[in-house]
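Report on the structure given below.
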Amino acid sequence: MAPLRRSGSKATEGSSSAGVELAESRRLDSIKKNRVHHESQRKWLKISLLGSSGLLASLLLWSFLNGDDGVTEVLAHHNEILQNRFIEVICSEDYDSHKRFEGCTPRKCGRGITDIVITREEAEQLRRVAEKGLSLGGSEGGASILDLHSGALSFGKHFVNLYRDVRQKIQHTIGQAFDINISSMYLTKPTFFSRINSTEAKTTHDEYWHPHIDKITYGSFDYTSLLYLSDYMKDFGGGRFVFMEEGVNKTVEPRAGRVSFFTSGSENLHRVEKVHWGTRYAITISFTCNPDHGIGDPADL
Ligand SMILES: O=C(O)CCC(=O)C(=O)O
Ligand SMILES: [Fe+2]
């Protein structure tokens, strides 16, 4: 019995040291598990911090590249097709300091946008004219123009006109929107294609982004129209047109074939956001009420 007891006591000693070892190994195990758990928590925290700062940086970059200054209301979104959007605004007194032509000089002022007057195909054709013409020259800075007043082009024994139909449709649209007879308004100069990219300005001619009033900048303008020849967010970023108002600015996002038109006085102070990537094409076609400032078409002479 004694040996048994001894062996018994030996067994008890053995099992107690095994118990200690087991407890110790469990303790180490749990320390290890805790450490692994903490490390993985720390790793996830790092990943989510990196992720959210990356997201924030991309959002900031996105809004910078696409010209969002945060205090704007979009009048015309690039991916909507507008029938006719017209917003009336109170006329400024700018027209009073010029000779008035009743039935034409603005009494009703405002701004309109339409995507159904000029087709995308017509816009593409004009864009090709702009690309070809501007490829012969172009500014070293970001903004180039090609000024083609009447749009007449010799063709064999006759003339063709690069944008007569387009001009007539726009003139008709403006006449309807402002209740004026189109025979009392005349195409005026300058009529020009513009090409803008993100190259740094080299001269003041490249600084297209300054707020301005067309009636002051161009003198003869009473009604300005802009026909866009490329698409915001597809062809370029930034470069939205902004009507500047106290409080909230109103933006027009260009899309090929979109016509934006407005009375040219200070009721429509505006600017163009800087283009951050790509190339933006447009054509400015404007009208005057003063026949002395009108442009004839050689084909009509
Ligand atoms: O291209 C534009 O959107 C505006 C150009 C402009 O303001 C102008 O030609 O006077
Ligand atoms: Fe302008």
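The values are calculated or read from the model by the stated rules, or taken from the named source; none is laboratory data. Everything numeric here is computed off the predicted structure, so don't read it as measured data. FYI the Cβ positions are ideal-geometry reconstructions off the backbone, even for glycines, and counts take in every protein chain you see. Each accessible area value is taken on the protein alone, full model and side chains, heavy atoms only, with ligands, DNA and RNA left out. Shrake-Rupley method; radii C 1.70, N 1.55, O 1.52, S 1.80 Å.
Amide H contacts of Gly110: Val89, Thr263, each under 5 Å away and 5 or more positions distant or on a separate chain (H built 1.01 Å from N in the peptide plane; Pro and chain starts excluded).
Listed by chain and number, the lysines whose alpha-carbon sits under 29 Å from that of Lys234, ignoring those within fewer than 8 places in the same chain, are Lys132, Lys169, Lys202, Lys250, Lys274.
Using the Karplus relation 6.51 cos²θ - 1.76 cosθ + 1.60 with θ = phi - 60°, the per-residue 3J(HN,Hα) values for the range 140-155 come to 6, x, x, 10, 10, 10, 10, 9, 10, 2, 8, x, 6, 9, 4, 8 Hz, with x marking Gly and Pro. Quick one: angle between helix 120-135 and the longest Cα principal axis of the chain, in degrees between 0 and 90, rounded to 10, please. Helix 120-135 and the main axis of the chain meet at about 90 degrees. Here the Karplus curve 6.51 cos²θ - 1.76 cosθ + 1.60, taken at θ = phi - 60°, turns the phi angles of the range 181-191 into couplings of 6, 5, 6, 9, 10, 10, 4, 10, 9, x, 10 Hz, with x standing for Gly and Pro. Taking the Cβ of Leu126 as the centre, find all other residues whose Cβ is under 15 Å away and add up their charges (Lys, Arg: +1; Asp, Glu: -1). Combined, the nearby Lys, Arg, Asp and Glu give +3.
Here Lys99 is the anchor, and the lysines within straight C-alpha reach of less than 17 Å, apart from those fewer than 8 places off in the same chain, are Lys108, Lys215. Apply the a/c threshold of 1.5 to the C-alpha gyration tensor of the range 227-289 and tell me whether it is rounded, prolate or oblate. Oblate shape, in that a/c is at least 1.5 and b/c is the bigger or equal ratio. Taking the longest Cα principal axis of the chain as reference, the axis of helix 164-177 is set at about 80 degrees. Taking every protein chain into account, the accessible area of the chain amounts to 57 square angstrom per residue (probe 1.4 Å).
Scanning the chain for cysteines with no neighbouring cysteine C-beta under 4.7 angstrom from their C-beta gives an empty result. Backbone phi angles across the range 207-213, fed through the Karplus curve with coefficients 6.51, -1.76 and 1.60 (θ = phi - 60°), yield HN-Hα couplings of 8, 7, 8, 6, x, 7, 10 Hz in residue order; Gly and Pro are listed as x. Cα axis of helix 2-65 to longest principal axis of the chain: angle in degrees, 0 to 90, nearest 10? Taking Cα atoms only, the helix is inclined about 10 degrees.
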